[in-house]
């Protein structure tokens, strides 16, 4: 293994009592006026108040609460406009992955007033360093608080804004903030984290550090996701899932995700399917497709081990199959779809979706097994039928 590097948030504060820390963290960044970026749901849960009130004790605060799920370019431009109008020197994102992403956009827009959000699309297109930002996740899944990416839907396709300026200055993770998630959201976001960890582990861009993050995330998710799905008030399980989501974010934020996300983004954006649901559905099929590649069976055997399987008497091939079966079983236990047909994706659309997946060059370049158009078609056919 040659030289490698990772990019991580500047500071992470983990544990209960975010409201007791956020004022001091904001002041430590030298801020005088904050814009909180969030959505209407967070306000209804009471979580916004827990962040807003202590901030108001130390500085002026505005709130932008119009973030939409899976935000499109127009919604991102609205967040950017709000940041510029507020003339703030701190952005605070409170919410799930979409909120985290729009907080990053707002942070970049505030320091690049002459640029539209479309100018940021791609890699390293943010010219000036973003204004400081504090990210406070309320879900345990996206890992967006730990990455340098922000995703925006443009013409039914997810596009990334990738820049080190998107990394948070401070991440505040309070596991109790995830307790407001209903079981369905707990399940989909938890499986989203698992997809991040597994794809990062299989990625050709992985390294020993990202592997460590990914494997620990896989173990914690396997040990706790079913429990927190069934018993949402289990504080210890919530804590471990929040930690797993962040670790998975650190893994894929550096190693990258692969063919699973290349496929999930195609039908997720087109049919308005929550990202966690689409990523979870693709995961076992992606694992199975890649299992024949040299070195991948060995990695999937490690995935099986971290998911609690006794692989001591198995071949790597048997253990890899066990990992795939374990993920499929988890989807069933969490009442998540395992077939595209269950999501009412028309069978006649499969060739178009396969073609769109084939164009996701960035994701596919890191996939351990080459994927041609015909391979993508077969994968979508299997995902549609559940074979």
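We did not get these values from a lab; they are worked out from the coordinates using the rules stated. Remember, predicted model here, so these are calculated numbers, not experimental data. Cβ atoms come from the backbone with ideal geometry, glycine included; neighbour counts cover every protein chain shown.
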Rounded to two decimals, the Debye log10 I(q)/I(0) of the chain (Cα scatterers, no solvent) at q = 0.10 Å⁻¹ is -0.60
With a Förster distance of 22 angstrom and the Cβ-Cβ distance between residue 236 and residue 184, calculated FRET efficiency to the nearest 0.05 equals 0.55
Label model pair residue 127, residue 365: point-to-point distance (7 angstrom along the Cα→beta-carbon line) in nm is 2.5
So the compactness index of region 182-385, its C-alpha Rg divided by 2.2 N^0.38 Å, takes the value 0.95
Region 12-177: relative contact order from alpha carbon pairs under 8 Å, six or more residues apart, as a whole percent, is 26
Given a Förster distance of 22 Å, the FRET efficiency implied by the Cβ-Cβ spacing of residue 332 and residue 385, rounded to the nearest 0.05, works out to 0.85
For the residue 317, residue 58 Cβ pair and Förster radius 45 Å, calculated FRET efficiency rounded to 0.05 is 0.15
What helix-only [θ] at 222 nm does the chain give? Using -39500 (n - 2.57) per DSSP H run of at least 4, over all residues, to the nearest 500, the answer is -17000 deg cm²/dmol
Check: C-alpha center region 253-305 vs C-alpha center region 1-62, spacing in Å is 31
Note: residue 292 to residue 341 extended length (0.36 nm per residue) minus current alpha-carbon separation gives 15.0 nm
Of 176-189, 81-94, ordering from highest average Cβ density within 10 Å down gives 81-94, 176-189
Over all directions, region 37-186 yields a Cα convex hull whose mean projected area in nm² is 8.2
Contact order relative to length for the chain, counting C-alpha pairs under 8 Å separated by 6 or more residues, stands in percent at 14
Residue separation between residue 375 and residue 49 times 0.36 nm, minus their alpha-carbon distance, gives in nm 112.4 nm
